[in-house]
Amino acid sequence: MSGQHDEDLAALVRALRARVPMDAADMLAKESPERIAEVLAELPLVLANHIKAYLPPELRSQASEALSDIVENTVGEIMEPALAVLPQTMTVVEAIAYLRNHETPRQITYLYVTDAEERLVGLTVIRDLLLADAEETLGDVMLPEPFALRPDMELAVADKAAIHRHYPVYPVVDADRRVIGIVRGWRLFERQAIEISAQSGQMVGVAKEERLYTGIWTAFKMRHPWLQVNLLTAFAAGFVVSLFEGTISQIVALAAFLPILAGQSGNTGCQALAITLRGITLGDLNHHSVGKLITKELALGAMNGALTGVVAGLAMYWTAGGSAQEAVTLGFVILLAMIGACMASGLFGVLVPLTLRRLGADPCTASSIFLTTGTDIAGMGLMLGLATLLVL
């Protein structure tokens, strides 16, 4: 009786997966509340939540209870049932017969091989199975000790663990290394693509939950607090500029070069920030020294600052009023300020996300806002300070 129950449950799960959530909910609503809970527990959490949204209100509570044990943003959220878990004593010919008689053989990528205690000890690729001798066992042809995920593993950690493996399917095991499900590789990389695509928005205070169809009021509540933070940091940069009000009033040409310096150093910092965030997301920083990254960005900042500084310095020389000596000095000030500002922005591009991560915050969260403040203060303060020292 239990075998028939499991077969009926598996058939219903397959039928629901083949339908859009609205149609799946209509189909599931005909079942008992207990059956609904049982079926939803077998589905990936994302799909189960979509189906639950279309269920009648009196059935949603039962569905919510079934999904309450699954933690969001973990492997368990996207886990599917394992379709081929076989003992290592099974022969090759028996395994081939198992595949031929399976209801959905095309969905099976690997055979997961277990020992007498049902613990995962290996996996068998279908190609190796077909090329093996008929009387060999799965234990003879399996790949031993395969990589496996845990259901409570965070998706970000699972992404980094899988990034260099590129397997089509990953087994999911419990604490005793018993197979409890599988995760498709494309689902992991789908989540990774979503995370990477959300970084550009998070850097300027747009929550990764916001989408094109998010309501105006909800989007306003997500975005506006970071604009207030940006305003406060802009006041800090404005305060630094106000300290050199006398310098600007005497050398008016400097005012025209403030936005040029800010824009150039800001872009340099954003480049360093993008590389650092990519390294955090893909796990590259786990194998690369932060010190080497900082050194690289400082060198790039100096090189970029020197070349752009020469052009900006020549522009200052041609536009500055006063004596030729003063024009040359101002051009030199712009050159030095551009080099220093680009080096500082490269440094901030590395340190801002790493500091946020060290404090337990998402390194993407409004990192561009903090980066802009740091580069503006450093760049403008350096240019105005050098002008005060060397010209006045």
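The values are calculated or read from the model by the stated rules, or taken from the named source; none is laboratory data. Computed from a predicted model, the values in this text were never measured in an experiment. Quick reminder, even Gly has a Cβ in these numbers, built from the backbone with ideal geometry, and neighbours come from all protein chains shown.
At a glance:
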{"quantity": "Options Thr276, Thr329, Thr308, Thr319; residue that is crowded, with 21+ Cβ neighbours inside 10 Å and modelled with pLDDT under 90", "calculated": "Thr276"}
{"quantity": "Flag for Thr372 being out of contact with any strand residue (DSSP E or B) (no Cβ under 6 Å at 6 or more places or on another chain), surrounded by 17 or more Cβ atoms within 10 Å (Cβ to Cβ) and closer than 20 Å to Leu258 by Cβ", "calculated": "yes"}
{"quantity": "Residue match in region 368-376 (condition: part of a loop (DSSP other than H, G, I, E, B) and under 30 Å from Thr281 (Cα atoms))", "calculated": "no"}
{"quantity": "Some residue of region 356-363 being on the phi < 0 side of the Ramachandran plot, surrounded by fewer than 22 Cβ atoms within 10 Å (Cβ to Cβ) and touching a Lys or Arg at 6+ places or on another chain (Cβ under 8 Å)", "calculated": "yes"}
{"quantity": "Helices (runs of 4 or more DSSP H) within region 214-320 that include 3 or more residues closer than 20 Å to Ser345 by Cβ and under 29 Å from the mean Cα position of the chain (by Cα)", "calculated": "216-242, 253-282, 290-319"}
{"quantity": "Matching residues, region 321-331, being outside any helix (DSSP H, G or I) and either closer than 14 Å to Leu254 by Cα or under 40 Å from the mean Cα position of the chain (by Cα) (or both)", "calculated": "Gly321, Gly322"}
{"quantity": "Qualifying position, being of a type in the set (Val, Ile, Thr), surrounded by 16 or more Cβ atoms within 10 Å (Cβ to Cβ) and closer than 21 Å to Ala10 by Cβ, among Thr91, Thr109", "calculated": "Thr109"}
{"quantity": "Any hit, region 295-312, residues being touching a helix residue (DSSP H, G or I) at 6+ places or on another chain (Cβ under 8 Å) and touching a residue at least 60 places away in the same chain (Cβ under 8 Å)", "calculated": "no"}
{"quantity": "Filtered residue count, region 79-97, keeping only those that are more than 28 Å from Met153 (Cα to Cα) and out of contact with any strand residue (DSSP E or B) (no Cβ under 7 Å at 6 or more places or on another chain)", "calculated": "5"}
{"quantity": "Search result, residues across region 323-363 that are in contact (Cβ under 8 Å) with a residue 40 or more places away in the chain, closer than 18 Å to Leu389 by Cβ and of a type outside the set (A, V, I, L, M)", "calculated": "Glu326, Thr329, Phe332, Gly340"}
